[in-house]
Amino acid sequence: MSRARTKRPGTSRGAGKARAPSQATDPYEKVDEELVLDELPELRVLQVAIYESTPLLPSAQAAVEACGHDVAIGAVGRDGLELIKEALREGDLDVLLVGVPGGEAVIDAALALAPRRPVVIAACGGSAVNAARAAAAAGADLVTLRPHDAERLAPMLLAAGRLVEARRELANVKGSEAVLRQKLDAFTDPDRSGLQPFELFSNVLELELKRARRQDYALSIGLFALELPPPAPPPGVRGILRARAGNALVNAIRDIDMATELDHERLLVLLPHTDREGAVQVAQRITAAVMAGDPVVAGGRTFPPRLIGGVATVAPGQDTSVPKLMRDAQRALEQARHDGSDVAVPIFVEGEEDA
């Protein structure tokens, strides 16, 4: 068993720059590989733990270092297993290179720490097909062939580095969602009829916009306003109608949607994973649910509840902002009011959509 902290081997950056030729050169002339590599962006240096048999450990360490990565731990046997388990608990490892068969217990220890665990590469002998089957059976993420060689290991470490970056990004997103969920649980008030605080709603909307752009799915919002014919109703009637409309709206939206009170006149609904056609359908269901409610009778007049809505949509992969989305929804709401319709979508002048 051995434990080593190594630094990434480097080249002289100043001396390795390619110089412009003094005359035309043959395009098929042999290129100095060191000069070309020196011009490429550096790979992310990974912290790699190795668990191998005693004869194969030195070659595994040499292969990792030749690929430009750090060997955080090189271990064998029962004591090596405990050493790697300790390092796994500390969470400083990016990659675990494990000899299979023989290292299954190490892989199990790593898998038990999911989702915050290193990427596991199984090192197997035999044919590539049999090695892949053995790696899959052991629960590894990637596979490389024995004997250890930098040429074979380098692509696997590159893939492992990509997996490390992807998992960290996903963990950050889930962490943000967990924080927002805690806020939601803290702020949710049954007396608010399911309408969430605007600050919380804004945070969720910002997060959903980023995720929709990254994961390439559609997202919509619906902006709704209480609509009452003139003359103005007696004091208190508008508040009653607004409360009834809010209750009906919350009961009409889907489980994935979120609603908030934008001001005393308007309600805002987030519709994730929803294109324009789907958003219009949800908005129509909301307005129909409100109008199906009981009217308010006051001062000899009857005031039926009516909610009109405007829908704005972000297409999959489209880059937009919350203010732009809100402006589009407000424009659609004004269009619905102008046309006397229940729900409208923004009408764009040619060349105006991306403004």
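Somewhere in region 78-101, is a residue modelled with pLDDT of 90 or more, more than 17 Å from ALA150 (Cα to Cα), among the small types (Gly, Ala, Ser) and surrounded by fewer than 21 Cβ atoms within 10 Å (Cβ to Cβ)? No, because not a single residue in region 78-101 is modelled with pLDDT of 90 or more, more than 17 Å from ALA150 (Cα to Cα), among the small types (Gly, Ala, Ser) and surrounded by fewer than 21 Cβ atoms within 10 Å (Cβ to Cβ). Could you check, for region 184-201, whether at least one of its residues is closer than 26 Å to GLN335 by Cα and not hydrophobic (A, V, I, L, M, F, W, C)? Checked against the condition, which is being closer than 26 Å to GLN335 by Cα and not hydrophobic (A, V, I, L, M, F, W, C), region 184-201 yields no hits at all.
Within region 288-323, count every residue that is assigned to a helix (DSSP H, G or I) and touching a Lys or Arg at 6+ places or on another chain (Cβ under 8 Å). Outline the logic, then answer.
Restricting attention to region 288-323, the residues satisfying the condition of being assigned to a helix (DSSP H, G or I) are 288-291, 322-323.
Now drop any that are not touching a Lys or Arg at 6+ places or on another chain (Cβ under 8 Å), which leaves 290-291.
The qualifying residues number 2.
If you go through region 269-287 and keep only what is outside any helix (DSSP H, G or I) and within 18 Å of ARG306 (Cβ to Cβ), you end up with just VAL269.
Scanning region 210-221 for residues that are over 19 Å from VAL311 (Cα atoms) and part of a helix (DSSP H, G or I) turns up LYS210, ARG211, ARG214, GLN215.
Can you tell me which residue in region 120-134 is surrounded by the fewest Cβ atoms within 10 Å (Cβ to Cβ), limited to those that are without any contact (Cβ under 8 Å) to a residue 60 or more places away in the chain and in contact with a Lys or Arg (Cβ under 8 Å, 6 or more places away or on another chain)? Write out each step before concluding.
First pass over region 120-134, keeping only residues without any contact (Cβ under 8 Å) to a residue 60 or more places away in the chain: 120-122, 124-134.
If we keep only those that are in contact with a Lys or Arg (Cβ under 8 Å, 6 or more places away or on another chain) too, we end up with 124-125.
On the way: CYS124: 22, GLY125: 14.
Taking the candidates together, the pick is GLY125.
State yes or no: is VAL64 assigned by TED's automatic domain parsing to the domain that holds GLU52, among the β-branched types (Val, Ile, Thr), in a helix (DSSP H, G or I) and buried (at least 17 other Cβ atoms within 10 Å of the Cβ)? For VAL64, the condition - assigned by TED's automatic domain parsing to the domain that holds GLU52, among the β-branched types (Val, Ile, Thr), in a helix (DSSP H, G or I) and buried (at least 17 other Cβ atoms within 10 Å of the Cβ) - is met.
Scanning region 85-100 for residues that are in contact with a helix residue (DSSP H, G or I) (Cβ under 9 Å, 6 or more places away or on another chain) and within 19 Å of LEU163 (Cβ to Cβ) yields LEU88, LEU93, ASP94, VAL95, LEU96, LEU97, VAL98, VAL100. Just to be sure before I move on: is ARG44 over 18 Å from LEU145 (Cα atoms), surrounded by 10 or more Cβ atoms within 10 Å (Cβ to Cβ), modelled with pLDDT of 55 or more and not β-branched (Val, Ile, Thr) in the structure I sent? Yes; evaluated as a whole, the condition is true for this residue.
Which of the residues belonging to region 66-80 are of a type in the set (A, V, I, L, M, F, W, C) and within 34 Å of the chain's Cα centre (by Cα)?
ALA66, CYS67, VAL71, ALA72, ILE73 - these are the residues of region 66-80 that are of a type in the set (A, V, I, L, M, F, W, C) and within 34 Å of the chain's Cα centre (by Cα).
GLU265 satisfies every condition listed in (1) under 20 Å from GLN284 (Cβ atoms); (2) surrounded by fewer than 16 Cβ atoms within 10 Å (Cβ to Cβ); (3) in contact with a strand residue (DSSP E or B) (Cβ under 7 Å, 6 or more places away or on another chain); (4) of a type in the set (D, E, K, R) except (1). Inclusion of LEU207 among residues that are buried (at least 20 other Cβ atoms within 10 Å of the Cβ) and either touching a helix residue (DSSP H, G or I) at 6+ places or on another chain (Cβ under 9 Å) or in a loop (DSSP other than H, G, I, E, B) (or both) is not warranted.
The values are calculated or read from the model by the stated rules, or taken from the named source; none is laboratory data. Quick caveat: nothing in here was measured; it's all calculated off a predicted structure. Please note: Cβ atoms are built from the backbone with ideal geometry, for glycine as well, and neighbour counts cover all protein chains shown.
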